[in-house]
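*Asks:* Mind looking over this structure? Questions follow.
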Amino acid sequence: MGRRLSAPDYAALIDAETWAYIARLDAAYPPDSVEMSIADQRAAYDIMCRVFHAQRPAGVTSQDVDFGGVACRHYTSGDVGPTVIYYHGGGFVVGGLESHDDICAELCARTGFDVISVDYALAPETVFPGCFNDAWSAFVGITAARSGVVVLCGDSAGGNLAAAVAHHARGRVAGRIVGQVLIYPGLGGDQSQGSYVTHAEAPQLTVTDLDFYREVRSGGDASHENDPRFAPLKDSDFSGLPPTVLITAECDPLASDGGAYRDALLSAGGQAVWFNEAGMVHACLRARNMSARAAGFFDRVVGGVAALGKGDWPYA
């Protein structure tokens with residue numbers, strides 16, 4: 001018989017500020033939201049995003065524009081430099097240009113880089129590979145319209161799309177992507193081990209939630225499981241990928257994907273670093289104005305984007 005793992009002591013792992021954030025979030029977007037209809041999930045998610053939406057930093061402006069036939073929002077602070085392409089989270093089911101508006105605006109203000117948020121189509125109306133096709137079309141449109149280097153960035157489902165675009169770009173688009181910053185990404189890791197087991201019932205995201213989102217995204221077609229556009233960790237070749245910064249939350253079933261992806265890139269001769277932030281939960285970007293730990297988490301994101309955009313690698 002296998003040894004049964006004891007549940008983590010989340011009361012000890014997670015500090016009071018983060019618990020206050022979790023309570024505020026759960027009041028708007030219930031932990032059992034996957035049991036709601038898709039329409040109700042989206043309505044609740046939109047309300048939650050408005051609850052946490054922060055005021056836009058001074059000097060940042062935005063314009064809604066299509067790139068590659070995909071709706072996007074272009075943020076600028078007036079500087080000329082790298083472009084950050086941002087893919088939002090939401091399990092491929094919820095979210096859009098409004099849900100991550102303040103995050104993208106702050107990323108623009110703090111790095112000085114232009115940020116372009118991509119409003120890819122959502123499931124179940126659009127199933128795989130539709131979401132990836134939109135992510136790729138937007139990338140192609142952005143790189144055709146803008147000169148200079150690109151940093152790919154995304155959280156959760158958006159981290160999956162950013163990595164999938166980086167993999168797909170090899171041999172197709174040369175010299176444009178100088179790095180990727182993946183924030184608690186779901187990359188298709190082994191659910192029989194690591195954080196998928198230890199943190200299967202973590203606050204904010206559970207393995208049951210992941211199964212729901214995967215089923216909706218795939219349209220019930222399991223044949224996609226080994227397609228690197230669906231699960232980048234299932235790729236057979238990790239060479240030629242851009243320098244990568246992975247930032248995950250300790251109390252999250254997806255955390256192990258960060259370590260697995262880092263190891264795959266390093267084994268292929270690439271540059272990668274993984275930060276698994278203590279006491280953090282999935283979607284903690286929204287806690288950055290309530291929690292010192294979450295503010296530090298966002299600092300990691302900003303620092304990674306800023307360094308990669310400048311061609312720096314400040315990680316030992």
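Just so it is clear, none of the values below were taken in a lab; they were calculated from the coordinates. Quantities reported herein were computed from a predicted structural model and do not represent experimental measurements. Methodologically, a virtual Cβ is constructed for each residue, glycine included, from the backbone with ideal geometry; neighbour enumeration extends over all protein chains shown.
*Asks:* Taking the range 267-316, which residues are of a type in the set (S, T, N, Q) and assigned to a strand (DSSP E or B)?
*Replies:* N276, the sole residue that qualifies.
*Asks:* Any residue at all in the range 151-162 that is over 15 Å from the mean Cα position of the chain (by Cα) and not in a loop (DSSP other than H, G, I, E, B)?
*Replies:* Filtering the range 151-162 for residues over 15 Å from the mean Cα position of the chain (by Cα) gives none.
No.
*Asks:* Another question, then. Of all residues in the range 240-259, count the ones that are of a type in the set (S, T, N, Q) and either farther than 18 Å from W313 by Cα or touching an Asp or Glu at 6+ places or on another chain (Cβ under 6 Å) (or both).
*Replies:* Within the range 240-259, residues that are of a type in the set (S, T, N, Q) and either farther than 18 Å from W313 by Cα or touching an Asp or Glu at 6+ places or on another chain (Cβ under 6 Å) (or both) number 2.
*Asks:* A249: surrounded by 21 or more Cβ atoms within 10 Å (Cβ to Cβ), assigned to a helix (DSSP H, G or I) and of a type in the set (G, A, S), yes or no?
*Replies:* Answer is no for this residue.
*Asks:* From the list A54, A44, A27, which residue is surrounded by 12 or more Cβ atoms within 10 Å (Cβ to Cβ), within 16 Å of A283 (Cα to Cα) and either without any contact (Cβ under 8 Å) to a residue 40 or more places away in the chain or of a type in the set (S, T, N, Q) (or both)?
*Replies:* So the residue among A54, A44, A27 that is surrounded by 12 or more Cβ atoms within 10 Å (Cβ to Cβ), within 16 Å of A283 (Cα to Cα) and either without any contact (Cβ under 8 Å) to a residue 40 or more places away in the chain or of a type in the set (S, T, N, Q) (or both) is A44.
*Asks:* Hey, another quick one. Can you tell me which residue among A109, A174, A123 is of a type in the set (A, V, I, L, M) and assigned to a helix (DSSP H, G or I)? Explain how you work it out, then say what you get.
*Replies:* On the way: A174 fails: assigned to a helix (DSSP H, G or I); A123 fails: assigned to a helix (DSSP H, G or I).
Going through A109, A174, A123 in turn, the sole match is A109.
*Asks:* Hey, another quick one. Scan the range 266-305 residue by residue and report those that are out of contact with any helix residue (DSSP H, G or I) (no Cβ under 8 Å at 6 or more places or on another chain) and crowded, with 23+ Cβ neighbours inside 10 Å.
*Replies:* The answer is H282, G304.
*Asks:* Output the residues belonging to the range 249-281 that are among the β-branched types (V, I, T) and under 14 Å from the mean Cα position of the chain (by Cα).
*Replies:* V281
*Asks:* Hey, can you tell me all the residues within the range 137-171 that are of a type in the set (A, V, I, L, M), surrounded by fewer than 24 Cβ atoms within 10 Å (Cβ to Cβ) and within 19 Å of K310 (Cβ to Cβ)? Break it down into steps so the answer makes sense when it comes.
*Replies:* Quick first cut of the range 137-171, residues of a type in the set (A, V, I, L, M) only: 138, 140, 142, 144-145, 149-152, 157, 161-166, 169.
The next check asks that each one be surrounded by fewer than 24 Cβ atoms within 10 Å (Cβ to Cβ); those that pass are 140, 142, 144-145, 149, 166, 169.
If the condition is that a residue be of a type in the set (A, V, I, L, M), surrounded by fewer than 24 Cβ atoms within 10 Å (Cβ to Cβ) and within 19 Å of K310 (Cβ to Cβ), then V149, A166 are the ones that fit.
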